[in-house]
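Novice: Take a look at the following structure, please.
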Amino acid sequence: MRAVIRAGAVPVCLLLAFMCLPATAGQNANRPPDGIERLQSYLQDVKTLRAAFSQQVIDRDQQVVESATGRVALARPGRFRWDYFEPFQRVIVADGERVWLFEADLDQVTVRRLDAGLGSTPAALLTGALDVLDEFQVSDTDGPDGLVWVQLEPRDTSADFESIRLGFDGENLTSLILK
C-alpha cells in the first residue's frame, strides 16, 4: 500500500507544479505593461490618430523661444496632415510616398520623397514609416506626472535631435517631447 501512495505522490507533486506555472504566468500577464511594451503595443495597434497640439521650442536656459499650436491627423502607414495655426500658418501633408510642406506666409511649397523628408522623426515614428527598434535605442524613463514614459534615442548620430520622450496614460499617447 505504501508503494502505491509513494508512486501516487510524484504525479500529484508534478500536477501541483504545473498548476503553479499558469498562476505565475498569469501574474506576469496581469502586471501593468512597462513603457516599451506600451510603445510597441501602441505602434502596432494605432491605425489613425487625431489630436490638437501645442509645441514649444526651449533654449538651453529653459526659456521658451517659440510657441506653436495646431492639429495633426494621421493614417498608417505613411499618411498624415500636420496643420500649424500660430505663429505662422504651415501645412505638412504626406501621402505615403511624398511630403508637401506649404508655408502660407512665404506662399511656398516644398515637396520631398517621404523617406528623405522624414528621416527618424516623430512623424516617421507615428506613421509607421520606420522600425522603432532598428532606428532607436529604447528605454523606460521616469516622469513626475504619473505617465508611463519611454525614451527613444536615435541610433543615427547625425539626427537633428537627441531624443524623443513619449508619455502614456493607460493605452493613450498623451505627450511627445523632442529634445
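Novice: Report every pair of residues separated by at least 6 positions or lying on different chains whose Cβ atoms are under 9 Å apart, first residue within the range 143-157 and in the same structural domain as Gly119 (by TED's automatic domain parsing), second of a type in the set (Val, Ile, Thr) and buried (at least 20 other Cβ atoms within 10 Å of the Cβ).
Specialist: Val150/Ile164; Gln151/Ile164; Leu152/Ile164; Glu153/Ile164; Pro154/Ile164
Novice: Does Ser139 satisfy the criteria of being among the polar types (S, T, N, Q), surrounded by 15 or more Cβ atoms within 10 Å (Cβ to Cβ) and not in a helix (DSSP H, G or I)?
Specialist: No, not satisfied.
Novice: Scan the range 51-79 and report the pairs whose first residue is on the phi > 0 side of the Ramachandran plot and whose second residue is surrounded by 11 or more Cβ atoms within 10 Å (Cβ to Cβ) and among the small types (Gly, Ala, Ser), with Cβ atoms within less than 9 Å and a gap of 6+ or a chain change.
Specialist: Matching pairs, first to second residue: Gly78/Ala94; Gly78/Gly96; Gly78/Ala124; Gly78/Gly128; Gly78/Ala129.
Novice: Also, quick follow-up: Does the range 58-81 hold any residues that are farther than 19 Å from Val91 by Cβ and more than 16 Å from the chain's Cα centre (by Cα), and which are they?
Specialist: Matches in the range 58-81: Ile58, Asp59, Arg60, Asp61, Gln62, Gln63, Val64, Val65.
Novice: If I filter the range 112-124 for residues that are more than 16 Å from Leu176 (Cβ to Cβ), at pLDDT 85 or above, in contact with a strand residue (DSSP E or B) (Cβ under 9 Å, 6 or more places away or on another chain) and among the charged types (D, E, K, R), do I get at least one hit?
Specialist: yes
The values are calculated or read from the model by the stated rules, or taken from the named source; none is laboratory data. Bear in mind that the values here come from a model prediction, so they are computed numbers and not experimental data. Heads up, the Cβs are rebuilt from the backbone with ideal geometry, glycines too, and the neighbour counts pull from every protein chain shown.
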